[in-house]
1. At q = 0.10, 0.18, 0.20 Å⁻¹, what is the base-10 log of I(q)/I(0) for segment 165-326 according to the Debye formula with one equal point scatterer per Cα and no solvent? Please give it to two decimals.
2. Distance between Cα centroids, segment 269-308 to segment 24-47: provide it in whole Å.
3. Can you sort 217, 39, 173 by 1.4 Å-probe accessible area, starting with the largest?
4. Tally Lys/Arg at +1 and Asp/Glu at -1 over every other residue whose Cβ is under 15 Å from the Cβ of residue 201; what's the total?
5. With every protein chain kept in the model, how would you rank 254, 209 by accessible area, 1.4 Å probe, largest at the top?
6. Express the carbon and sulfur contribution to the solvent-accessible surface of segment 20-101 as a percent, rounded to the nearest whole number, probe 1.4 angstrom.
7. Taking a ≥ b ≥ c as the square roots of the Cα gyration tensor eigenvalues, with a/c under 1.5 meaning rounded and otherwise prolate when a/b beats b/c, else oblate, which class fits segment 170-231?
8. Taking the Cβ-Cβ separation of residue 375 and residue 251 as r and a Förster radius of 25 Å, what is the calculated FRET efficiency to the nearest 0.05?
Amino acid sequence: MFASDMNPARDAGRVTTVGTVLFPIQFTWPHGGRSVFLSGSFNRWTELVPMSQVEGCPNVFQAVYAVPLGCHEYKFFVDGEWRHDERQPHKTGEYGIVNTFDAIPIPAEVPLVHPRSEILNNMEVDNGLMHRVSAVTLNQAMPRISEEDVTASRHRIAVYLQGHTAYELLPESGKVVALDVALPVKQAFHILSEQGIPLAPLWDFRKGKFVGVITASDFILILRELVNNRSNLTEEELETHSIAAWKEGKAYLKGQVDGHGRPIPKELIYASPSENLKDVALKILQSGVAIVPIIHLEDGLFPQLLHLASLAGILKCICRYVKHCPASLPILQLPIYAIPLGTWVPRIGESSSRPFAMLRLTASLSSALDMLVEAHVSSIPIVDDNDSLVDVYCRRHCNWD
C-alpha cells in the first residue's frame with residue numbers, strides 16, 4: 001500500500017519535522033508509455049509518484065521529488081510494469097535491477113558580500129550579488145553521456161542551424177542604431193551610452209555602404225592611448241576627432257599597413273538574411289567579432305541594415321527549439337562544470353590554459369582597461385583579499401565623462 005500524504009513539492013528544499021534535509025531531484029523516463037510512475041528507497045518504496053509527459057516530447061516523462069541525503073535506489077512503473085533505465089546508473093538490488101544515485105553534501109564557499117557603500121563609486125553592483133549562496137550543494141553522481149549522445153547532439157544542432165536562416169533572428173519589433181563615420185568619436189560614444197548599446201555599425205555616406213563597427217573596445221583603446229602615451233590632443237581636437245580618423249589611427253597602432261605605410265582597408269563582415277545560422281555562427285567565430293550585421297542588398301538601392309546577429313541570439317534560437325524537448329539533446333542534461341565552457345579557476349573546474357583574470361578593489365582604472373584588452377575578456381571579477389567576489393567590471397561600465 002502506498003502512502004497518499006507525501007507532497008514532494010511541499011517538502012522540496014526544506015527541513016522536515018524530524019530534522020531531515022530534503023533536496024529536489026528531477027527524474028526522467030525517456031522511453032515512452034501511457035502512464036509512468038516513480039518509486040524508490042527515498043520514499044521507502046511506499047508511494048507511486050506520477051510523472052508528467054514533457055510537452056512536445058511524447059516519449060519523455062519527468063517528475064521532481066525531494067529526497068534526503070544518501071545513496072538511493074529507484075525504479076519506474078510503466079504501464080503496470082516495473083522497469084529501470086539502462087542508460088542511467090543501475091545495479092542489482094533487493095527489487096531486481098534498480099537505478100541508483102548518490103545525494104551527498106559537500107561544502108561550498110559562501111561569497112562575502114560587502115555593503116554597497118564599500119564598493120568603488122565608479123563600479124555598478126549586480127543586484128544578484130546581494131543574495132548569499134546556500135552553503136550546501138547536492139553532489140549528485142555525474143550524469144553519464146556517451147560519445148554517441150555527444151555526436152547526436154552536435155548533429156541535431158547542426159541540422160537545425162543549417163535549416164534556419166538569419167531572418168529568424170529578427171525580432172518582431174526593435175531598432176538598430178548606425179553611425180556615420182564623419183561623426184566625432186566623443187559624440188559617438190555619448191550616443192552609445194544614451195541608447196544603452198555596446199556597439200554600432202558605421203555608415204560611409206561617400207561610399208554609400210556600411211564599412212565597419214564601432215564598439216566599447218574602441219573606446220577602451222582610446223582611453224589607453226590617452227593615459228599610457230600621454231596624448232597631446234587638446235579638448236577641441238577630441239571634440240572633432242572623427243570615427244574615420246580614429247579607425248585609420250587604430251590601423252597604424254596595430255601595424256595594419258601596407259608596404260607604402262598606408263592603412264590596409266578592411267572589408268565589413270556581414271551576412272544576408274537568407275544565410276543559414278550555421279554560416280552566420282562560423283563568421284562570428286572565425287572572424288573573432290562580437291556581432292555580424294544582417295544586411296539586405298538589392299541592386300539600385302541603399303543597403304538595408306536589419307539586425308545585429310550575435311552568438312547569444314543564435315543560442316536563444318536553439319533554446320527555443322529544444323525548450324519543450326530537452327531530452328533531444330543529451331548533452332544539455334550535463335551540469336555546467338562537466339562541459340568545457342567558460343573560464344574556470346583550476347581548483348573549481350577544468351584547468352585553463354590561461355590564468356583567471358581578476359582584479360582587487362584597489363586596482364587602478366588603467367589596469368582594468370589593460371586587462372580587458374590584453375586578456376580578451378568582456379568583464380573582470382573584482383575580488384577582495386580573500387578572493388571573494390564583490391563586483392564585476394564590464395566593458396560597458398566605461399564612460400567618457
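The values are calculated or read from the model by the stated rules, or taken from the named source; none is laboratory data. Since the structure is predicted, the reported quantities are computational estimates derived from the model, not experimental observations. Note that each Cβ is placed from the backbone with ideal geometry, even for glycine, and that neighbours are counted across all protein chains shown. For the accessible areas, the whole protein counts, side chains as well, though only heavy atoms, and no ligand, DNA or RNA atoms are used. Shrake-Rupley method; radii C 1.70, N 1.55, O 1.52, S 1.80 Å.
1. -0.44, -1.22, -1.40
2. 47
3. From most exposed to least exposed: 173, 217, 39.
4. With Lys, Arg at +1 and Asp, Glu at -1, the neighbours total +2.
5. 254, 209
6. 48
7. Working: a/c = 2.60, a/b = 1.55, b/c = 1.67.
Because a/c hits 1.5 or more and a/b fails to exceed b/c, segment 170-231 counts as oblate.
8. 0.65
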